Amino acid sequence: MKANPQYQGEKPCVYVGMTGQSPDVRFDKHKAGLKANRFVREYGLRLLPELYECFNPMPYGAACEMEVELAIGLREEGYAVWQA
């Protein structure tokens, strides 16, 4: 609740992270418990490509910045966001 004070439940909770792999492969690894975020492993249902497709691929430095900016933007839009 501290990280997402504006969340009111109408939009999904999302995990924002970056990877050098395809999002599909990385999600499968989370679900399999390989270098997994606990919340993705336990509660992750599916990817939301409409939220990230326009950013892929990008250089590492830009991805580091974009991860933070995307999380902030999604929170402002009413999503609850979890980050690694």
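The values are calculated or read from the model by the stated rules, or taken from the named source; none is laboratory data. For clarity, every value in this text was computed on a predicted model and none was experimentally measured. Cβ sites come from the backbone with ideal geometry, for glycine too, and all protein chains shown count toward neighbours.
Every listed requirement among (1) closer than 16 Å to Trp82 by Cα; (2) part of a loop (DSSP other than H, G, I, E, B); (3) modelled with pLDDT of 90 or more is met by Phe39 save one, (2). For Lys29, the conditions (1) part of a helix (DSSP H, G or I); (2) surrounded by fewer than 12 Cβ atoms within 10 Å (Cβ to Cβ) all hold with the exception of (2).
Within the range 43-64, the set of residues being surrounded by 11 or more Cβ atoms within 10 Å (Cβ to Cβ) and free of Cβ contacts under 8 Å to residues at least 24 places away in the same chain comprises Phe55, Met58, Ala62.
Residues that are within 13 Å of the chain's Cα centre (by Cα), closer than 16 Å to Leu70 by Cβ and either in a helix (DSSP H, G or I) or not hydrophobic (A, V, I, L, M, F, W, C) (or both) within the range 1-26 comprise Pro12, Tyr15, Gly17, Thr19, Pro23, Arg26, listed in sequence order.
Among the numbered conditions (1) out of contact with any helix residue (DSSP H, G or I) (no Cβ under 9 Å at 6 or more places or on another chain); (2) surrounded by fewer than 12 Cβ atoms within 10 Å (Cβ to Cβ); (3) of a type in the set (A, V, I, L, M); (4) modelled with pLDDT of 95 or more, the only one that Met1 does not meet is (4).
Go through the range 4-23 and give me each residue that's surrounded by 10 or more Cβ atoms within 10 Å (Cβ to Cβ) and charged (D, E, K, R).
At the first step, the residues of the range 4-23 found to be surrounded by 10 or more Cβ atoms within 10 Å (Cβ to Cβ) are 4, 6-7, 11-19, 21-23.
Within the range 4-23, just Lys11 meets the criteria.
Taking the range 42-79 as the range and being under 23 Å from Gly9 (Cβ atoms) and not in a loop (DSSP other than H, G, I, E, B) as the test, the residues that pass are Glu42, Tyr43, Pro49, Glu50, Leu51, Leu70, Ala71, Ile72, Gly73, Leu74, Arg75, Glu76. Restricting the first member to the range 1-28 and to residues that are on the phi > 0 side of the Ramachandran plot, and the second to residues that are loosely packed, with under 15 Cβ neighbours inside 10 Å, no beta-carbon pair is closer than 6 Å while six or more apart or on different chains.
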